[in-house]
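A.B. asks: Sending over a structure as structure tokens; questions will come in a sec.
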Amino acid sequence: MRRALEDIGTASQIVDDLGGNLTGGTKTTPGEIRQLRRTVMLTQLAVRLDPDDPLTTVVRGHRASPEQADAIRAAFTATAALAVQLARAAEAQLATLCIGKGALEYLHDLVRARVYDTVAPWAPFE
């Protein structure tokens, strides 16, 4: 149960981190992106970058030029896909638990409404 709830919570935090960026909200400004305030996105960049990539200096310095901000936006899809992966893992774990029907339905509804419905345009799933 703990692992399932941690996965749901992490996926939900990704939704919060990306929400303003993915939906065209207030976090899409170049200044916000240059500051790299979205921590999950920063992690996704760090694990994908070649050490010689110019964006490596951005990740280390937590700042980006306006031109680099466009490259950073490419990490959104990978980060949204991570949220979907965590949500799927949580649902698989929930299927193995002996919890009440109401609680199980609530958690599945939470995953659907909080994660899948929000990130679907950027991380398609079946």
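A.B. asks: Given the options L110, L97, L104, L86, name the one that is open to solvent by 20 Å² or more (accessible area, probe 1.4 Å) and within 9 Å of A11 (Cβ to Cβ).
C.D. replies: L86
A.B. asks: Checking T77 against (1) modelled with pLDDT under 75; (2) more than 22 Å from A113 (Cβ to Cβ), only one condition comes out false. Which one?
C.D. replies: Condition (2) is where T77 drops out.
A.B. asks: On the basis of being modelled with pLDDT of 65 or more and buried (at least 16 other Cβ atoms within 10 Å of the Cβ), does D17 make the cut? If you could, list the steps in order and put the result at the bottom.
C.D. replies: On the way: modelled with pLDDT of 65 or more: yes; buried (at least 16 other Cβ atoms within 10 Å of the Cβ): yes.
For D17, the condition - modelled with pLDDT of 65 or more and buried (at least 16 other Cβ atoms within 10 Å of the Cβ) - is met.
A.B. asks: When the residues of the stretch 33-51 are filtered to those that are exposed (fewer than 14 other Cβ atoms within 10 Å of the Cβ) and assigned to a helix (DSSP H, G or I), which remaining residue is modelled with the lowest pLDDT?
C.D. replies: T39
A.B. asks: Mind telling me which of the residues P30, P54 ends up being modelled with pLDDT of 65 or more, in contact with a helix residue (DSSP H, G or I) (Cβ under 8 Å, 6 or more places away or on another chain) and not small (G, A, S)? Let's see the steps before the verdict.
C.D. replies: Details: P30 fails: modelled with pLDDT of 65 or more.
Step by step, each of P30, P54 is checked, and only P54 is modelled with pLDDT of 65 or more, in contact with a helix residue (DSSP H, G or I) (Cβ under 8 Å, 6 or more places away or on another chain) and not small (G, A, S).
The values are calculated or read from the model by the stated rules, or taken from the named source; none is laboratory data. Keep in mind that this is a model prediction, so the values were computed, not measured. Counting neighbours? That spans all protein chains shown, and the Cβs are built from the backbone with ideal geometry, glycine included. Accessible surface areas use protein heavy atoms only, side chains included; no ligands, DNA or RNA. Shrake-Rupley method; radii C 1.70, N 1.55, O 1.52, S 1.80 Å.
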